[in-house]
1. Report the local net charge at Thr98: Lys and Arg +1, Asp and Glu -1, summed over other residues whose C-beta lies under 12 Å from its C-beta.
2. Do any GluC sites (Glu not before Pro) in the range 88-194 lie in a loop, going by DSSP, with at most 15 other beta-carbon atoms within 10 Å of their beta carbon, and if so which?
3. Using alpha carbons only, how many degrees (0 to 90, rounded to 10) separate the axis of helix 221-238 from the longest principal axis of the chain?
4. Can you list the lysines whose alpha carbon sits under 29 Å from that of Lys179, skipping same-chain ones fewer than 8 residues off?
5. List the relative contact order of the range 155-228 as a percent without decimals, with contacts defined as Cα pairs under 8 Å and 6+ residues apart.
6. So which chymotrypsin sites (Phe, Trp or Tyr not before Pro) in the range 179-265 are both in a DSSP loop and have at most 12 other Cβ atoms within 10 Å of their Cβ?
7. Which loop trypsin sites (Lys or Arg not before Pro) in the range 1-78, with loop taken from DSSP, have no more than 16 other Cβ atoms within 10 angstrom of their Cβ?
8. Can you give me the Cα centroid spacing of the range 1-42 and the range 154-222 in angstrom?
Amino acid sequence: RARQDDTLLDVARRFDIGQDEIVLANPDVDRWLPRAGTQVVIPSRYILPRAERSGIVINVPELRLYYFPPVAAGQQALVYTYPVSIGRMDWVTPIGVTKVLSKSENPSWRPPKSIREEAEARGEPLPEVIPAGPDNPLGNYALRLALPGYLIHGTNKPFGVGMRVTHGCVRMYPEDIEKFFPEVPVGTPVKIVDQPIKLGWLFDILFIEVHPPLEEKQQAPDVLVMAVMDQIYEVWAQQSLVLDVPALKEALEKQNGMPVAIGHS
């Protein structure tokens, strides 16, 4: 329940949820003034993306990062997940496979020429180098990817985590990257995927998780339904399934990013 002076974004950060996630899960709650005692849904159940469960997986429409650390013999496999910001529509985060090339603590930032030109056009010119410190947009930690110019980093503006607000980099809450940074070795594989629709079994129940597609990849409703049914048919080919069609339709209409049971074996 919201506290007296909470915004919905305060609640999101307290539970390690991104801004868009908390808004989608609570469409009837005022973002800026939820009022004390208002019940807020915390969308903290996730279906894992369709990708090899090793290293880092970033699902861009979900605005979420998954980290699968190496598993030693006899140990249980783990996954850590964090909300992230990604690139705006005009500065998209690229889809593909890469790796962590290097790591730096208290990094300085050299804004690329394109970003400096954009800032200058706004009347807010940037220096060629921004040193480490509270004014550095990279925060206290940065992991440089093998994709030239792209980083996973902290931020000095945590309120934007969980939105499309960056120039293509992946931004994390300061407290999240502080835990994440020392755990990730150089060379860790990074898979950046675009999966607005995810399916997963929990025991004998099939769940679907639907996120709004990226703005530049919006689809007609019938195209979305066909994409979902293609995935369901793949599941059906491997395991018997009794499909709950009304539940599936509701999940596709709401697109609120929370797993919904749509059938059973």
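Bear in mind these aren't lab numbers, they're just calculated from the coordinates by the rules spelled out. Small disclaimer: the values here were computed from a predicted structure and weren't measured. Glycine gets a Cβ as well: all are built from the backbone with ideal geometry, and neighbour counts include every protein chain shown.
1. Surrounding charge for Thr98 is +3.
2. The qualifying sites are Glu128.
3. 70 degrees
4. Within reach: Lys99, Lys103, Lys157, Lys191, Lys198.
5. Dividing the mean separation by the residue count of the range 155-228 yields 17 percent.
6. Sparse-neighbourhood loop chymotrypsin sites (Phe, Trp or Tyr not before Pro): Phe203.
7. The qualifying sites are Arg1, Arg3, Arg31, Arg35, Arg45, Arg50, Arg53.
8. Going from one Cα centre to the other spans 19 Å.
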